[in-house]
Each structure stands twice: as C-alpha cells, then as structure tokens.
Amino acid sequence: MVSCHEVLRELSNYIDRDVDPRLRAEIEAHLAQCRRCSMVLDTTRKMLYIVGDDRVFEVPAGFSQRLHAALAKGIGA
Amino acid sequence: MTEVEAVDSHESHLIERIRAGDRGLFHELIRPYERSVYLLAYSVLHSPEDAEEVAQETMLRAFTHLNQLRADVKFKRWLLTIAINEARMRRRKDRKHLYESLDAVQDRAPEGEFMPREIADWRDIPSKALESKELRRAVDRALMRLPPIYHEVFLLRDVQHLSVEETAQTLGLTAAAVKTRMHRARLQMREELSPFFKKRWIDRLPFRKGKNPW
Ligand SMILES: [Zn+2]
C-alpha cells in the first residue's frame, strides 16, 4: 500500500495519466480510503479546470487592435 | 485529415504565401496565438504594459525571421519560444529582476509519453463562477506568487495546454524538469486557491485550511 506521501508525490503524474498501471492501481486503492488525499486530488483538478478555462485569463481591452495596428506599421501591410 | 493536420496545413500555406511576399497574411497567421503570447510574456514580466509591448515585439520579430522557421517546427512553438526569449531579455533589463532563479531541478522521472488529461466531472463548478472578477483576481494573485520558473511551466502546460514535450522544447528544459516544476506549481496553486474553493464549492469536504497531509 502506498503512503499519503507517495500519493502526493505522484499526484501530478497521476492526473496526467503518466504513472504505470501497477502504481496507478495502488494510488487508486489509497484514494478510495483516504479522504485527505482524495480531497487534494479533487481540489487540484478543480484548480486545473479553472486555470484552463479561457474566461479566467483576460488580455487587456483593446490589446488585439493595438497589436495589429503596431504590426501593420512594422511590416507595412 | 485530422483537425490538427488541417490547421498545420493551413498554416504552412499561409507561411509560404507570406514568404512569397503577401505580407498582410501575417495578421491572419498570428491571430490564433496572440493571447498565448501575451499570457506567456505576462507570466515572465508580471506587468500588463510590458507584456503587451513584448507581444508586439515578438510578432514583429517573428515576421522578420519567418524565413528561419524550419519545416519540422510548429509555428506556435516557434512563436512562443521567441516570446519567452523577448520577455526574459526585458526582465534582465529590469533592475528588480537582476536575479535569475537558478533552482537546480533534478531530472528524476524518465521521459513519459504525453497523455491527454483525464476528464473528470466538473459540473459542480458553476459556469458563472468562471466569469467572476473575484475568481480572476484570486487566480492572478496565486499565479503572481509562483516563482517565475514555475510560472512559465504552469502557464504553458496547464493554461495553454501544451504537452510536456512542447513545454520542454519551448523553455529549453528537459521533460523531467518540466514535470517536476509543474508538480510543484500545481500543488502551490491548489494551496493558494483553497480558501476560495472552500468558500465557494467545497463546504461539504473535510478540508481545513493550513492542515496539509504532507
Ligand atoms: Zn492519503
């Protein structure tokens, strides 16, 4: 049985499905009975979901227009 | 043809025509990536004004060096490499950032094949919440607290969804270094945002602030 420490060390690889099947099964067995590791996994996934959403990061208003205006001047087209 | 292949083929075609003299098409070529370039520059510089200037410089540099883009390198990755270099050059000029982080990152894990992120059930995050100013500010604050070397990796990998390999190539790191930094960045981001999760969505979970299991 893997420890909490080992589960958390592999958390990121586990989320990316980058652990071998045997370790994956051990982590899953651990998660099934450890609420704290499950909670860390759950909130890490929520965090990733949030930061991966286009609406969360904005570019400044008018950024694109200014960029293309500067570009038009720079490349002459 | 897959969607990715279709985009690549459209891009190669645009690049050919631009090289042949149809300069105006460069606007079209960069449009899908302007946001990525800005956010990457912002991750290095932490200033909207500087990031915007770097985005402009990056695009101009990409235009003047378009002949140097090799056929086996994707335009997006090439563009992001220019952006990160431009942003780092500017940071070096800035006295506040004369220190460059020299964190030694151990090459621990063997290089793994990139697999798409697991799709989980996210329905308990209300769509409206993602548009809230409060959440945006919280994410921004959390990102600003990440050391720059983690910030860059996190931004390319988890915000821009580049693969481990593409992130490594863009930043000039090994895949193992990307994974190590990404892991630390994720744990820190989770930690920084946990009060927010707690308040908003995870009241039912037995999480207590400041009580980490490790
Ligand atoms: Zn545990």
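When the dipole is taken about the Cα centre of segment B:3-99, and only Lys, Arg (+1) and Asp, Glu (-1) are charged at their Cβ, what size is it in debye, to the nearest 20?
Approximately 540 debye in magnitude.
Can you work out the accessible area per residue across segment B:3-99, with the rest of the protein chains kept in place, probe 1.4 Å, in square angstrom?
54
Is there a simple number for the mean count of other chain Cβ atoms within 10 Å of the Cβ of residues in B:52-62, and what is it?
Mean number of neighbouring Cβ atoms from other chains: 4.
Taking only the Cα atoms of segment B:3-99, how large is their convex hull per residue, in Å³?
With only Cα atoms used, segment B:3-99 gives 100 Å³ per residue.
Take peptide B:181-190, look around each residue's Cβ out to 10 angstrom, count Cβ atoms belonging to other protein chains, and average those counts.
5
Could you work out the pair-distance distribution P(r) of segment A:1-40 from its alpha-carbon pairs, with 10 angstrom bin width and percents rounded to whole numbers?
Calculated over all Cα pairs of segment A:1-40, the distribution is 34, 63, 4 percent.
Using only atoms on other chains, find how many Cβ atoms lie within 10 Å of each Cβ of peptide A:59-70 and report the average.
5
With charges set only on the Cβ (+1 for Lys and Arg, -1 for Asp and Glu), what does the dipole of chain A come to about its Cα centre, in debye to the nearest 20?
Computed charge dipole of chain A: roughly 280 debye.
Where does each of A:46, B:76 land when they are ordered by accessible area, with a 1.4 Å probe and the largest first?
Order by accessible area, largest first: B:76, A:46.
Take B:72, A:53 and sort them by solvent-accessible surface of the protein heavy atoms, 1.4 Å probe, largest at the top.
B:72, A:53
What's the buried accessible area, both sides, between A and B using a 1.4 Å probe, rounded to 100 Å²?
Adding both sides of the contact gives about 5200 Å².
Would you calculate the separation in nanometres between label points at residue A:66 and residue A:24, each defined as 7 Å from the Cα along the Cα-to-beta-carbon direction?
Result: 4.6 nm between the two label points.
So how long is each side of chain A along the principal axes, counting just the alpha-carbon atoms, biggest first, in Å?
Taking max minus min along each principal axis of the Cα atoms, chain A gives 65, 22, 15 Å.
Using Cα centres only, tell me the gap between segment B:32-52 and segment A:10-24 in whole Å.
Segment B:32-52 and segment A:10-24 have Cα centres spaced 32 Å from each other.
I need the GluC sites (Glu not before Pro) found in chain A, filtered to DSSP loop residues with at most 15 other beta carbons within 10 Å of theirs.
When the GluC sites (Glu not before Pro) of chain A are filtered for loop state and at most 15 Cβ neighbours within 10 Å, A:58 remain.
Once all Cα-Cα distances of segment B:47-99 are split into 10 Å bins that start at 0, what whole-number percent is in each one?
24, 48, 22, 6
Quick one: if you take sqrt(5λ) for each eigenvalue of the C-alpha gyration tensor of segment B:142-201, what semi-axes come out, biggest first, whole angstrom?
For segment B:142-201, the semi-axes come out at 23, 10, 9 Å.
The values are calculated or read from the model by the stated rules, or taken from the named source; none is laboratory data. Being a predicted model, the structure only gives us computed values, none of them experimental. So basically every Cβ, Gly included, is an ideal-geometry build from the backbone, and we count neighbours across all protein chains shown. Ligands, DNA and RNA are excluded from the accessible area calculation, which covers all protein heavy atoms including side chains. Shrake-Rupley method; radii C 1.70, N 1.55, O 1.52, S 1.80 Å.
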